[in-house]
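What follows draws every value from the coordinates through simple rules; no lab data is involved. Please read these numbers as outputs of a predicted model, since none were measured by experiment. Virtual Cβ from ideal backbone geometry, glycine too; neighbours counted across all protein chains shown.
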Amino acid sequence: MIFYYTRTRKTQVAAQALHEITGLDLYGLDADINNDTGLRFAFRAIKSVISAKGCPVGNMPKAVPGEIYLCGPIWAGEMAGPLKYFIRNVDVSGTKVHLLLTGRQPSEQNRERAVKVLTQAGCQPGNIYLIATTGELPEQDLLVEQLRTIMEAAD
Ligand SMILES: Cc1cc2nc3c(=O)[nH]c(=O)nc-3n(C[C@H](O)[C@H](O)[C@H](O)COP(=O)(O)O)c2cc1C
């Protein structure tokens with residue numbers, strides 16, 4: 001199963017590319033922070049990454065399978081608040097969690113932080129895929145190619 005959170009749809013395109021490659025079902029996580037704009041959004045977004053609680057997801061699944069992909073944006077160097085909330089509020093103990101993070105300039109430091117968050121939640125960190133995004137929505141076909149290459153290298 002592929003769980004994803006997106007605000008400006010870039011991660012959504014990446015999650016769809018992942019779905020095309022793996023054939024796994026997609027589950028979009030809804031977060032009320034998506035109704036905020038401007039300064040209020042910026043404030044809540046930063047707060048959500050500083051706090052271990054993250055920020056609320058309205059449609060949390062009751063349970064997750066033993067291996068999942070979790071996709072979302074990087075905010076201020078960390079996985080976005082709704083992803084942190086997801087990790088903290090669903091039972092992921094023993095679950096293998098692969099992460100796909102999108103960001104303007106993803107870094108190795110982002111990867112290390114993300115692994116820490118996963119480990120603290122008691123799950124088994126899987127592969128971490130970092131996808132660089134621009135101001136434009138990524139093209140699905142290009143992303144499928146790029147992701148395939150990254151995934152093959154990680155195996
Ligand atoms: C509040 C905020 C903080 C961000 N911080 C980072 C960052 O630290 N590093 C980075 O690479 N991208 C950062 N970005 C850019 C987003 O991660 C990037 O645009 C992402 O692909 C958006 O995904 P989405 O369209 O699925 O919401 C930030 C964006 C926002 C809104």
Filter result for THR95 (near the ligand (Cβ under 7 Å from one of its atoms) and closer than 22 Å to GLY23 by Cα): no
Restricting attention to region 115-138, does a residue exist that is among the acidic types (Asp, Glu) and surrounded by 14 or more Cβ atoms within 10 Å (Cβ to Cβ)? no
Restricting to region 65-95, give me the number of residues that are part of a loop (DSSP other than H, G, I, E, B) and surrounded by fewer than 24 Cβ atoms within 10 Å (Cβ to Cβ). 10
Residue hits (region 29-55; surrounded by fewer than 16 Cβ atoms within 10 Å (Cβ to Cβ) and in contact with a strand residue (DSSP E or B) (Cβ under 9 Å, 6 or more places away or on another chain)) are ASP30, ASP32, ILE46, ILE50
Quick one: ARG9 ticks every box in (1) exposed (fewer than 14 other Cβ atoms within 10 Å of the Cβ); (2) more than 16 Å from the ligand (Cβ to nearest atom); (3) in contact (Cβ under 8 Å) with a residue 60 or more places away in the chain except a single one, so which number is it? (2)
Restricting attention to region 104-116, report how many residues are over 10 Å from GLU78 (Cβ atoms) and within 8 Å of the ligand (Cβ to nearest atom). 4
Restricting region 124-155 to residues that are among the hydroxyl-bearing types (Ser, Thr, Tyr) and in a loop (DSSP other than H, G, I, E, B), the one nearest to the chain's Cα centre (by Cα) turns out to be THR133
How many of the residues in region 15-48 are touching a Phe, Trp or Tyr at 6+ places or on another chain (Cβ under 8 Å), hydrophobic (A, V, I, L, M, F, W, C) and either over 19 Å from GLY77 (Cα atoms) or more than 9 Å from the ligand (Cβ to nearest atom) (or both)? 7
Picked from region 118-155 (must be in contact (Cβ under 8 Å) with a residue 40 or more places away in the chain and of a type in the set (Val, Ile, Thr)), the residue farthest from GLY23 (Cα to Cα) is THR133
